Structure formats: C-alpha cells, structure tokens
Amino acid sequence: MAEIVQSVDRSLCILEVLSDYEDGLGITEIAEKVDLHKSTVYRLLNTLVWKGYIKQNKNTSKYGLTLKLFELGNKKVEKMDFVTIAQPYLKELMEKTNEVVHLVVREENEIMYLAKVEPQKSMKMYTRIGMRKPMYCTAMGKAMMSQMSEEEVEEIWNGSDIKKLTENTIVDIEKLKESLSEIRKKGYAVDDQEVEIGIRCIGTVVKDHKNNVSGAISLSSSIITFTEDKIEYFSKMILECANKISKELGYRG
C-alpha cells in the first residue's frame, strides 16, 4: 500500500464532509464526523482557510467550502474542451500527412500530452496521454518558448534538468535563444532528433481569443518517412491546422 500522509488524508476528509453541507458545519460537528479531536480539526481548518479552500461564517461560526475546488476542477474541464475542439483538426492533419499528431499544454517547465492521433502503420510513437517532456528540447516546447519573454525563457531553463539527450540536444542557453529567434520568425519549431535519435518533429503554437498561447501541436515520425525535404511542406500544413484550431478558440490575429 502507498504511504499515506496523515495530515493530507485528514484535510481531504474534512473537505469531503463539508461538501455535503451547504450551510456548513461547526467545529464540534466536523470533529465528530471525521472522528478527530477538536484541536486537530481546528489546526487543519485554519490551514484550509488560509489556502482558500474553506471559509468561516462570522455570524454562525460554521465552516463551509469556497469555490476554489470548483476552480481547480474547471481548469481540467477547460483542457478537455481544448481537446474536443482540436480533435477533428488533428485527425485531418494526420490523414493528410500520414504521420503522428500531438496536442500538448504547458505544465510549468514541461509539456504535457493531451491528445494523440496516429495513422495505421507499423511504426508507432512511444508517447501517451499524460506523458510529460521537457520544453527546452521538444518542438512544441520550443514553439511555446518562442512566444515568451527572455526572462521567462531563462526561468524555464533554470528550472529544468538540462541533459544532452542526443548529439543534437541544445544544452547552451544562448544557442537556445538564437534558435527561439528563428522559430519566432518562421512560426514553427523543429526537433531534429534532439529528444530521440531517429525521430523528427515539427511543432507550432495554438492561441486563444486573448492572443495567449493555449498549447501546441506537432507532427512526428521516423526520419525515414519524415525526411528533411518534407519540413517545408509539413510546416505549411501544421501552421494551417494550428490556425484553424486557434480560430475555433476565438483567436483573431
């Protein structure tokens, strides 16, 4: 059995109990329902209040949930909506190119895979939904970084575990900045065997109605089928696909 952190377990029990009581509960009632001493419950409640997950009614002294849990859950829903909107365009791009298409979002200093569409051919990409990869060496990560300020780029770099994964991995921040400048001009990034030998990838960003980067999409395949001479052709197709998704999200740039 996995190791359980007692204080976290108790805090979550309190939240679960309070979710059933719209008008809230007093400290004695909460202590009885979670089977804990009032002093322990009081300390946990103070922490949950401080973090914004619950609030105390000054008139009744009862504790109730805030909307913070809803806000956190809603972020997940928004990402799922993003996938729903993007999915038909990702499938269309896959069918036109016969290559693997991915959709990712930024998670701190990494990208996280939200969707994957792949053709029916023998060679498979070892990626899965929920997988994370570094931003600094992936096409989609670099595409997103190209839209950031120099300070934010440095923050991501300093917060990443920089490793030379292959001979082509950029491990010098000045070289990365030069690369990001080129990506900014072209509108797309290329991972030419930087993460894995034998795999080439091209990526670009997707924007929303506020002109913010919502995520990124990519085309990936073996260098056997995704040859260098296809980069220009694929770049046009992926930019077109990203533009369609961005328009669906309200982007008018």
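The values are calculated or read from the model by the stated rules, or taken from the named source; none is laboratory data. Remember, predicted model here, so these are calculated numbers, not experimental data. In this analysis, Cβ positions are derived from the backbone assuming ideal geometry, glycine residues included, and neighbour counts consider all displayed protein chains. The accessibility values were calculated without ligands, DNA or RNA, using every heavy atom of the protein model including side chains. Shrake-Rupley method; radii C 1.70, N 1.55, O 1.52, S 1.80 Å.
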### Message
From the list Lys33, Lys58, exactly one residue is part of a loop (DSSP other than H, G, I, E, B), charged (D, E, K, R) and free of Cβ contacts under 8 Å to residues at least 24 places away in the same chain. Which is it?
### Response
Lys58
### Query
Do we have Glu29 as among the acidic types (Asp, Glu), open to solvent by 60 Å² or more (accessible area, probe 1.4 Å), modelled with pLDDT of 90 or more and farther than 30 Å from Ile245 by Cα here?
yes
### Task
Sort out which residues of segment 200-253 are open to solvent by less than 30 Å² (accessible area, probe 1.4 Å), outside any strand (DSSP E or B) and of a type in the set (Ser, Thr, Tyr), and write them in order of number.
Ser235, Ser246
### Message
Can you list residue pairs whose Cβ atoms sit under 9 Å apart, with the first residue in segment 228-253 being among the β-branched types (Val, Ile, Thr) and the second being in a helix (DSSP H, G or I) and surrounded by 10 or more Cβ atoms within 10 Å (Cβ to Cβ)? Count only pairs 6 or more apart in sequence or on different chains.
### Response
Ile238/Leu93; Ile238/Thr97; Ile245/Phe82; Ile245/Ile85; Ile245/Ala86; Ile245/Tyr89; Ile245/Leu90
### Query
Restricting attention to segment 101-152, which residues are in a strand (DSSP E or B) and open to solvent by 70 Å² or more (accessible area, probe 1.4 Å)?
Arg106, Arg132
### Message
Considering only segment 171-187, I want to know if a residue exists there that is in contact with a Ser or Thr (Cβ under 9 Å, 6 or more places away or on another chain), surrounded by 17 or more Cβ atoms within 10 Å (Cβ to Cβ) and in a loop (DSSP other than H, G, I, E, B).
### Response
no
